[in-house]
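A quick write-up on the structure given underneath.
The values are calculated or read from the model by the stated rules, or taken from the named source; none is laboratory data. As the structure is a prediction and not an experimental result, all values here were calculated from the model. Cβ placement follows ideal geometry from the backbone for every residue including glycine, while neighbour counts extend to all protein chains displayed.
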Amino acid sequence: MGQLIACAAADGVLVATDSRAVFFEPFGEERFVKLDRLVPVTSHVVLASAGAVEAQDLCQDFASFAKGENLTEMDALIQAAIPFFTSRYDEILRKMCEKCPPDPIINMYLVMAGYSANAGHLFVIWDRPKPPKIEYNRVTDVFTLPRRLGLEFKLHQLIKEKTPVAKLAEVARAGMEKLAGQDEYLGAPYQYVTITKAGIIRA
């Protein structure tokens, strides 16, 4: 599982990830691969994946779908995302069954982050073993996966103090590098984007 950090401040949204993912060979061997987990959906919305490698393809496919359907508003995107991911999730499980018996869940975690109407928006999307197979929840200001409560608390306090999103990016960068030094499953390059009124910016 990669590391994902997301937070919403008054002036913008920050999303940060590492780029290391684990790919499991047919007989269970682990192999590290690099992924750019941040996928632009619109000029002001990104999807970020963590967990299973398959989640990255889902993000790319949804971005193409949203563009084809001319979906731009955050509410419309999240409402379209749930049935879209539910359908694609079933396809993934069927393909996995061709190789080996799948786990009841594939540990897919996504964050949809955006900025509109002078406010940041964060939604966490995940899979579960029983219907509804895909669920989502709106996050107020900070989310990390795997959960890093110390870092979440620090970012939350900074947001309460109305710290600019650029400063939050610096704190997230330091936190990401510290975590990577402690966990071999996290690896460079580290990806950071901010989303403001001006749109998506790679930090």
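List the residue pairs whose Cβ atoms are under 7 Å apart, where the first residue sits in the range 44-71 and is without any contact (Cβ under 8 Å) to a residue 40 or more places away in the chain, the second is among the charged types (D, E, K, R), and the two are 6 or more positions apart or on different chains. That search, which allows pairs on different chains as well, returns Gln56/Arg37; Asp61/Arg88.
Considering each residue of the range 107-143, count those that are closer than 17 Å to Thr42 by Cβ and free of Cβ contacts under 8 Å to residues at least 60 places away in the same chain, and give that number. Here the count works out to 3.
Of all residues in the range 67-77, those satisfying the criterion of being of a type outside the set (Asp, Glu) and either farther than 14 Å from Phe123 by Cβ or not in a helix (DSSP H, G or I) (or both) are Lys67, Gly68, Asn70, Leu71, Thr72. Of the residues in the range 133-152, none is aromatic (Phe, Trp, Tyr) and more than 18 Å from the chain's Cα centre (by Cα). A count restricted to the range 144-167 and to residues that are closer than 16 Å to Ala119 by Cα and either touching a Lys or Arg at 6+ places or on another chain (Cβ under 6 Å) or among the basic types (Lys, Arg) (or both) stands at 2. Against the numbered list (1) modelled with pLDDT of 90 or more; (2) under 26 Å from Gln60 (Cα atoms), Ile105 comes up short only at (1). The combined condition, being touching a helix residue (DSSP H, G or I) at 6+ places or on another chain (Cβ under 6 Å) and among the basic types (Lys, Arg), is fulfilled by Lys133.
One residue alone among Ala21, Ala81 is farther than 18 Å from Leu122 by Cβ and buried (at least 20 other Cβ atoms within 10 Å of the Cβ), and that residue is Ala21.
Residue check: is Ala63 modelled with pLDDT of 95 or more and of a type in the set (A, V, I, L, M, F, W, C)? It is true that Ala63 is modelled with pLDDT of 95 or more and of a type in the set (A, V, I, L, M, F, W, C). In the range 156-167, the residues that are closer than 11 Å to Asp11 by Cβ reach residues that are surrounded by fewer than 15 Cβ atoms within 10 Å (Cβ to Cβ) and of a type outside the set (Ser, Thr, Tyr) with C-beta atoms within less than 7 angstrom, at least six apart or across chains, in these pairs: Lys162/Ala10.
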